[in-house]
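In what follows, a structure is listed as structure tokens, so that the remarks can point back to it.
Values in this text are rule-based calculations from the coordinates and carry no lab data. Only a predicted model underlies this, so the values are computations on that prediction, with no experimental measurement involved. Note that each Cβ is placed from the backbone with ideal geometry, even for glycine, and that neighbours are counted across all protein chains shown.
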Amino acid sequence: VDAILNLVREGRPELTNQDSVRRHVAWGPGPRAAQSLMLAARARAVLDGRLTPSLDDVAALAPAALRHRMALNFSARAEGVGLPEIIDTLVGQAV
């Protein structure tokens, strides 16, 4: 739960400590992103025969859960920065 909350908070430009998110993200994921990521991680764990999700589940599902809940600003597009790069950075630091 802490990893998911950290991941979602760090994706929001007004709450993050990461310069790339502050400079390139117009709006970040909200509470429903955390909820959907938790449900997806639980489902993945159950399908894998485990009772609890792991950080690997969160890392594997974060791109799919966050991709449509974040938007880049014009600066990011002008610099050629993509959303997958930002999400990968977030996952690498939060999980």
Distance from segment 6-20 to segment 81-95 (C-alpha centre basis), Å: 11
In segment 23-64, what is the volume of the convex hull around the alpha carbon atoms, normalised per residue and reported in Å³? 75
Difference of contour (0.36 nm per residue) and Cα-Cα distance, ALA43 to ASP19: 5.4 nm
Quick one: dipole size for the chain, taken about the Cα centre, charges +1 on Lys/Arg Cβ and -1 on Asp/Glu Cβ, in debye to the nearest 20. 320
Top mean-square fluctuation among SER54, SER75, SER20, Gaussian network model of the chain, C-alpha springs under 10 Å? SER75
Go through segment 11-95 and name the GluC sites (Glu not before Pro) that are in a DSSP coil and have 10 or fewer other Cβ atoms within 10 Å of their Cβ. GLU14
What number, in nm² with one decimal, is the all-direction average of the projected area of the convex hull of the alpha-carbon atoms of segment 1-48? 3.6
Output the 0 to 90 degree angle, nearest 10, between the alpha-carbon long axis of helix 55-66 and the longest principal axis computed from the alpha carbons of the chain. 50
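For the chain, what is the mean residue ellipticity at 222 nm derived from helices alone (per DSSP H run of n ≥ 4: -39500 (n - 2.57); sum divided by total residues; nearest 500 deg cm²/dmol)?
-19500 deg cm²/dmol, from helical runs alone.
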GNM top mover of LEU39, LEU51, LEU15 - the chain, alpha-carbon springs below 10 Å: LEU51
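State the volume of the convex hull built on the alpha-carbon positions of the chain, expressed per residue in Å³ and rounded to an integer.
Considering the Cα atoms of the chain, their hull volume per residue is 78 Å³.
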